[in-house]
Structures are given as structure tokens and as C-alpha cells.
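**Student:** Below is the structure I would like to discuss, written out as C-alpha cells.
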Amino acid sequence: MTSHPQPPQPLALYGPDFAADPHGHYRTLREHGPLAPVRIAPGIEAMLVTDYQAAVDLLRDTHTFSKDPRAWQATVPSDSPVLPVLGHRPTALFSDGAEHARYRDAINDTLALIEPHILRAQVAGVAQQLIAEFATTGSGDLIAQYARLLPLHVFVTWFGVDPADGDRIVDGIGGMMNSAQGAAAAYADLVDVVTRLVADRRARPRRDLTSYFLAHPARLDNDETVRQITLLMSAGHDPETNLIGNATLHMLTDERYAGSLHGGAMTAHEAINEVLWQDPPIANLAAHYPRHDTEFHGVRLRAGQLVLVSFGAANTQSRPATSDTGVRSGGSAHLAWSAGPHRCPAKQPALLIAMTAIEQLTSQLCDAELAVPVSELLWRPGPFHRALVHLPVRFTPLDTLVSVGPDREPARRPEVPIGS
Ligand code: HEM
């Protein structure tokens with residue numbers, strides 16, 4: 001028997017009300033115990049874990065919970081707007097056990113080739129080019145003109161995408177996230193570009209991550225390689241954009257940062273850490289499906305039903321005193337990167353990209369401030385991501401970019417961030 005009183009109706013976790021006040025929704029849900037029913041799209045219900053300990057237990061319990069959505073997916077209309085994110089693909093994210101370990105080894109070993117100092121210089125170069133495109137105007141939208149484009153440029157270089165295909169990668173990833181109707185077509189186009197890339201590198205390897213994937217001892221075939229690369233691009237892009245956006249907003253609005261990017265005493269590192277606790281870029285995800293009927297933290301779950309973890313709710317359960325390392329005073333870490341076997345494999349490069357991107361903003365656009373009141377900022381209304389629609393700023397127009405230190409050399413040619 002479920003020992004927690006359940007709400008009369010699942011709470012809607014999408015739309016403008018949720019986007020305006022996610023933490024208010026999490027508080028309401030917590031009144032119903034460690035898990036509570038939510039609606040993530042019209043007609044699509046899930047159980048949402050809001051309790052920190054229950055979240056950690058679920059993420060580690062591979063005996064009770066599977067990541068394979070196919071049985072659940074069979075019960076959902078094929079045009080449901082949540083399927084571009086939750087629908088099955090043959091990747092690490094939707095597999096368990098030995099299959100997951102094989103994909104995951106290839107992903108981990110390939111990402112481990114990224115040299116931090118080269119990545120840092122690469123991101124700085126991309127950042128400078130992007131900032132230069134709007135710096136002379138004295139205003140810009142840091143989401144559309146910066147945070148959304150920067151990770152795409154990084155990925156295109158990592159995987160050795162032909163610059164002529166760069167726009168299709170950008171449109172493919174953007175389309176998957178934004179439009180329910182166009183999402184399937186956008187994913188198909190992304191797969192098409194990456195399929196040609198993989199076939200080309202199979203025939204003519206180069207020094208890029210695509211070629212390293214193909215050479216990995218896991219011996220992924222072409223389609224498996226295409227799917228894992230597509231996963232890296234699509235799983236990585238949106239949260240990276242949102243981490244840069246949310247942490248920059250934090251610096252612009254928190255009084256300790258003095259309302260402008262360079263006015264305060266705290267660092268990009270601290271802003272990022274606080275955002276990972278308070279407003280993690282992936283707010284609600286880690287879709288899991290019970291392998292059998294079960295009772296979990298006092299709540300009855302049916303085999304195959306959709307269970308999501310609220311990283312946003314679990315992290316903020318009781319506002320912890322946090323240290324610089326992302327570990328709270330009681331010793332537990334935030335869950336913004338998830339936990340267990342499916343935790344983010346790209347935490348280190350993802351942090352470095354966000355940190356470098358924000359440091360470039362603070363040094364180039366020192367007096368940037370919000371161009372609209374914070375109450376007028378719009379957040380994307382979906383259930384999964386904590387994502388600004390826009391981040392309009394104004395600043396003193398620059399004639400040319402400030403150049404300080406070796407990182408500030410504009411990159412002449414993008415360099416793949418892997419060592420020799
Ligand atoms: C700020 C940036 C990022 C955040 C906050 C983040 C967070 C997460 C979280 C919470 C998960 C678990 C998702 C789930 O189980 O449903 C995850 C998984 C994953 N992330 Fe990240 N991520 C970020 C950036 C990236 C980047 C840049 C990449 C790739 C280059 C990446 C690749 C992946 C992959 C492949 C998985 C699936 C791992 C698996 O299932 O074994 N992430 N990430």
C-alpha cells in the first residue's frame with residue numbers, strides 16, 4: 001500500500017505556470033511524499049522523485065529499474081511531444097547492463113582523449129569570435145548569439161564535421177529540442193549528417209573523436225557509432241547552453257555579483273556551482289521503468305511505468321550549505337550530473353566549456369547588465385530543462401576585442417582538443 005496521500009490530480013510539469021515557478025511546484029509535490037504523480041504533456045503521466053535519498057537510491061538500483069523505454073513507449077501516441085527526448089534509441093542512455101557498459105566504455109574512453117588546456121583555448125577562440133559578432137552594437141541576446149552557438153562549434157570541431165555540414169548539425173539538434181512536429185525530421189537529418197561523417201572516417205581516419213570512436217576496442221559498428229555520436233551531441237548541447245545561460249543570469253542578478261558581469265567578488269566557478277544546485281540545466285529526467293511491480297520508498301509502482309527524477313527538487317530539498325566542490329555540508333553532492341551508471345560522462349569537459357565561456361564574457365563585456373527586468377525573462381515551458389528563452393543584455397560597445405593572455409589569441413583554425 002502507498003503510505004503517502006496522493007494528490008487528486010497529477011500536477012502539470014509543463015506550460016507557463018511551471019516555467020514561472022518550478023520550485024513552487026516541487027514544494028507542492030514534496031507534500032505528497034518522495035514520489036508524486038505529474039503530467040509531462042497532455043495525456044502523459046509519470047511519477048516524479050523529489051526526495052534526495054530516493055533519487056540516489058533509484059539512480060543506483062539497476063535491479064529494480066531499467067532505462068529501456070520500449071514497453072512504456074508502446075502505450076504512448078507516436079506523435080507525443082515527449083518522445084524526441086524519451087523515445088528509445090540504441091544508445092547508452094536507453095540501455096542497461098552489458099550493452100550499456102559497452103557503449104559507455106567507448107564514450108568514456110573517447111571523451112578522456114580531450115586535453116583540457118587545448119579545449120580551453122578552443123572554447124576561448126570560439127567565444128571571442130561569437131562575442132565579436134555583436135560586441136560593437138552594445139547589446140545582444142546571450143542565449144541566441146552566444147550560449148546556444150558556442151557548444152555547437154565545439155562539437156563540430158571535436159567530431160571533425162565538415163564546416164559545410166555545421167548548419168545542419170545546428171538545425172538538427174535545435175529542431176529536436178524545440179519543435180514537437182519537426183523533431184523526428186530534425187533527428188533524422190542529424191543522423192544523416194553523422195552517418196556520412198562516420199562512413200567517411202571509416203574509410204579515411206583523421207585525428208578527431210569520430211575516428212577514435214571507430215578505433216575503440218568495443219568495435220562499434222557504423223550505426224552504433226552514429227547513434228552514440230548523435231547522443232553526445234544532443235545530450236550535451238542543451239544542458240551546456242543552459243548552464244552558461246543560467247550561471248550568467250545568476251551573475252547578472254545576484255547582488256553579490258553587483259548586477260554586472262565584472263562588478264562582484266564571486267567567480268564564474270561559484271556561479272556555476274550555485275546554479276548546479278539551485279537550477280540544474282537538466283531539471284527533471286533520468287527516465288526509469290520498474291522491471292516489475294514494486295514498492296519504492298513507500299510508493300507503489302507498476303512494471304513499465306515512467307518514473308522521472310527531479311534533479312531540481314532533490315538538490316533543493318533543504319537548501320544546503322554548500323562548499324566550492326559541489327558537496328553539501330552533510331557530505332552529499334548535488335545531482336545535476338545525475339548519479340549511478342548513467343551519470344553524465346562529460347562532467348569535466350562540460351564544466352570547462354561553461355567556465356571558459358563565462359570567463360570570456362566577463363572579461364570582454366565587463367559592464368554587461370540585463371536589458372530587461374528579471375521578471376520579464378522567459379523560461380522554456382517544457383518539463384525537462386531549466387532553460388532561458390533569451391538573455392538580453394546591454395553593455396558599452398567595443399571597437400575591438402580586448403586581448404589579454406594567450407587564451408585571447410583568436411583561433412586561426414579550430415584545433416581538435418586531443419593530445420598527440
Ligand atoms: C552542463 C552540461 C551538462 C549537464 C548538466 C549534464 C547532465 C547530465 C545528466 C543529468 C545526465 C543523466 C540523464 C539521464 O539519465 O536521463 C547526463 C547524461 C549524459 N550526458 Fe550529460 N550533461 C551535460 C553536458 C554534457 C555534454 C557536453 C555531453 C557530451 C559531450 C554529455 C553527454 C551525456 C551522455 C552521453 C549522457 C548519457 C550517459 C549514459 O546514459 O550512460 N553531457 N548528463
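The values are calculated or read from the model by the stated rules, or taken from the named source; none is laboratory data. None of the values given here were measured: they were computed from a predicted structure. As a convention, Cβ positions derive from the backbone with ideal geometry for all residues, glycine included, and neighbour counts pool all protein chains shown. Please note that ligands, DNA and RNA were not included when accessible areas were found on the heavy atoms of the full protein model with its side chains. Shrake-Rupley method; radii C 1.70, N 1.55, O 1.52, S 1.80 Å.
**Student:** Quickly run through region 144-194 and pick out the residues that are among the β-branched types (Val, Ile, Thr), away from the ligand (no atom under 14 Å from the Cβ) and either more than 24 Å from Ile107 (Cα to Cα) or under 20 Å from the mean Cα position of the chain (by Cα) (or both).
**Tutor:** Matches in region 144-194: Val170, Val191.
**Student:** A further question on this structure: Please name all residue pairs, on different chains or six or more residues apart, with Cβ atoms under 7 Å, provided the first residue is in region 281-292 and is closer than 7 Å to Phe384 by Cα and more than 8 Å from the ligand (Cβ to nearest atom) and the second residue is of a type in the set (S, T, N, Q) and modelled with pLDDT of 95 or more.
**Tutor:** Close Cβ pairs satisfying both conditions: Ala283/Ser310; Asn284/Ser310.
**Student:** Looking at region 93-102, which of its residues are surrounded by 19 or more Cβ atoms within 10 Å (Cβ to Cβ) and not in a helix (DSSP H, G or I)?
**Tutor:** Selection gives Ser95 alone.
**Student:** Only one of Asp189, Asp105, Asp79, Asp141 is in contact (Cβ under 8 Å) with a residue 60 or more places away in the chain, within 30 Å of Gly43 (Cβ to Cβ) and either among the hydroxyl-bearing types (Ser, Thr, Tyr) or open to solvent by 20 Å² or more (accessible area, probe 1.4 Å) (or both); which?
**Tutor:** One residue alone meets the criteria, Asp79.
**Student:** Are any residues in region 82-92 away from the ligand (no atom under 12 Å from the Cβ) and open to solvent by less than 10 Å² (accessible area, probe 1.4 Å), and if so, which ones?
**Tutor:** Scanning region 82-92 gives Val82, Gly87.
**Student:** Identify all residues within region 115-130 that are crowded, with 22+ Cβ neighbours inside 10 Å and of a type in the set (Val, Ile, Thr); write none if there are none.
**Tutor:** Hits for region 115-130 are Val123, Val126.
**Student:** Can you confirm whether region 366-377 contains a residue that is over 18 Å from the mean Cα position of the chain (by Cα), at pLDDT below 90 and open to solvent by less than 20 Å² (accessible area, probe 1.4 Å)?
**Tutor:** no
**Student:** Over 15 Å from the mean Cα position of the chain (by Cα), within 20 Å of Gln278 (Cβ to Cβ) and open to solvent by less than 50 Å² (accessible area, probe 1.4 Å): which single residue out of Ala333, Ala354 fits that description?
**Tutor:** Of Ala333, Ala354, the one residue that is over 15 Å from the mean Cα position of the chain (by Cα), within 20 Å of Gln278 (Cβ to Cβ) and open to solvent by less than 50 Å² (accessible area, probe 1.4 Å) is Ala333.
**Student:** Same structure, new question: If the requirement is being hydrophobic (A, V, I, L, M, F, W, C) and away from the ligand (no atom under 16 Å from the Cβ), which of these qualifies: Ala46, Ala55, Ala71?
**Tutor:** Ala71
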